[in-house]
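Data first, discussion second: the structure below is written as structure tokens.
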Amino acid sequence: IYADPAKRLELYFRPKDPYCHPVCANRFPTSTVLLRVRRRTRKKKQLDTEEQTQPEVQFEMEILGIVTTVYKFQGMSDFQYLAMHSGPDGRQTSMYDKVLMLKPEKEEFFNRELPLYIPPPIFSRLDTPIDYFYRPDIQHRSGYNNPQVSGENLIGLSRARRPHNAIFVNFDDEEIPAKPLDAAVQTWKKVCTNPVDKKVEEELRKLFEVRPVWSRNAVKANISVHPDKLKLLLPYLAYYMLTGPWRSLWVRFGYDPRKHPEAKIYQVLDFRIRCGMKYGYAPNDMPVKAKRSTYNYSLPITVKKQVSHTVSVHDLKQGLGTAGAPGAKKPPSSRYKLKESIYIFQEGALPPYRQMFYQLCDLNVESLQKIIHRNDGTESECTERDGWCLPKTSDDLRDSMSLMIKQIIRSTRPALFSNTTSSEDCKEQLAYESGEDEDDEEEEEEDFKPSDGSENEMETEILDYV
């Protein structure tokens, strides 16, 4: 426990009971001294027997060392669940001798009929009292009406969603919108009050003139705009595709990619880095971090503390001024900009995350572009799965990209592939595994987040705009 600062010290009141829930102590830094104090008492003899004997007390102190870490038990004990069974007459019977295997047992031990006993691993996620601070009833101004809430789903949201007035289009829809909703126009005009917002609007208009289909991350990498402003600006200039080869993308009003074969370069590719033990490396060996992990939950036996920034020699050489300080603000022109690698795939570089949404025109590799343009001039039908491309084009692109990434990992971490000698192993696909743990390796591009918390960018955008 001491070797891992993220863990808490556990104290079991019944150490021999495997179902005992412990109390946990938090780790704190301290600067104290450990002393050994000895108290010696000597009885002093008096000549006069009538007087009482007064003992002579002496103290001896010795410094044993310096204490830098202490553990304090500040929480409450968890609920305790005993292995008991209630009989028909209400009598409690212990089941410890029936469920605990203290020695090797024969088959009869496992075939006995026993009442179901599945104790919960934990009862309380928190072991410290919390004040909820309930707010009083809000006094609204006259004329305020509560938002309409569906009677079918009263449990869930604490407030009604703020509408962003985006237009969603499915691949099967016959018509596409030519202009935004009036509410979207009014909302953007209301917030567009300074020259910076008007400049951002003009920049986004020019982007849609050059390229009629954009992903939200690609927009963030080309213009600097606050995320809250972008939520209002995109529905003002484009509509959102829900399904089909252009799903999760924003399309300029009046432009229908289903009618233009040249729009195939704007189709989306859902690419996920594949890895597996049978190919020489595990998910934790990947140089690319997972955006989130199914195991990354805060339980009462773990603690998360903010890690303080330590100044390195490199920082001192560069100088720590207003521009070189770790927390220095970026200039307004690029404060909210993302890096190009968030939407562009380049040969020799790893994607910043294990799941990426690329547009086909942003795959800057000659071999990949040859796969995309295999049927140039002969496009006959736009399908929901492959769009204007040949069937299974996405699968061919994923295979080629996975092979490129495997070669990059091979060059950066040759020890992982030391046992791989056959040439066929290089052509094997990498098996994708979900629920991956985050590794502790530092990566080059981890200081930005392509979405607001979800691995699925399309799902995140839908939640933003409905």
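Table for the structure above
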quantity	calculated
Residues located in segment 76-116, provided they are farther than 19 Å from CYS20 by Cα, under 42 Å from the mean Cα position of the chain (by Cα) and open to solvent by less than 60 Å² (accessible area, probe 1.4 Å)	PRO115
Subset tally (residues that are in a loop (DSSP other than H, G, I, E, B), open to solvent by 30 Å² or more (accessible area, probe 1.4 Å) and among the hydroxyl-bearing types (Ser, Thr, Tyr)) for segment 331-361	1
Subset tally (residues that are part of a loop (DSSP other than H, G, I, E, B) and within 30 Å of CYS24 (Cα to Cα)) for segment 79-100	7
SER124 assigned to a loop (DSSP other than H, G, I, E, B), within 30 Å of ASP4 (Cα to Cα) and modelled with pLDDT under 85	yes
Looking only at segment 18-42, and only at residues there that are out of contact with any Phe, Trp or Tyr (no Cβ under 9 Å at 6 or more places or on another chain) and basic (Lys, Arg), the one that is least open to solvent (accessible area, probe 1.4 Å)	ARG36
Residue match in segment 132-139 (condition: open to solvent by 100 Å² or more (accessible area, probe 1.4 Å), modelled with pLDDT of 85 or more and of a type in the set (Asp, Glu))	no
Meets criteria (touching a strand residue (DSSP E or B) at 6+ places or on another chain (Cβ under 7 Å) and modelled with pLDDT under 85) for LEU360	no
LYS198 under 27 Å from GLU340 (Cβ atoms), surrounded by 16 or more Cβ atoms within 10 Å (Cβ to Cβ) and among the charged types (D, E, K, R)	no
Test: residue in segment 418-426 that is open to solvent by less than 80 Å² (accessible area, probe 1.4 Å), touching a Lys or Arg at 6+ places or on another chain (Cβ under 8 Å) and at pLDDT 75 or above	no
Filtered residue count, segment 362-378, keeping only those that are more than 26 Å from the chain's Cα centre (by Cα) and open to solvent by less than 40 Å² (accessible area, probe 1.4 Å)	5
Top-ranked residue of segment 31-76 - restricted to ones that are closer than 30 Å to TYR2 by Cβ and in a loop (DSSP other than H, G, I, E, B), ranked as modelled with the highest pLDDT	PHE73
Residue among LEU204, LEU237 that alone is open to solvent by less than 20 Å² (accessible area, probe 1.4 Å) and out of contact with any Lys or Arg (no Cβ under 9 Å at 6 or more places or on another chain)	LEU204
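The values are calculated or read from the model by the stated rules, or taken from the named source; none is laboratory data. Keep in mind the model is a prediction, meaning the values are calculated, not measured. Backbone-built Cβ (ideal geometry, glycine too); neighbour counts: all protein chains shown. Heavy atoms of the whole protein, side chains included, go into the accessibility calculation; ligands, DNA and RNA do not. Shrake-Rupley method; radii C 1.70, N 1.55, O 1.52, S 1.80 Å.
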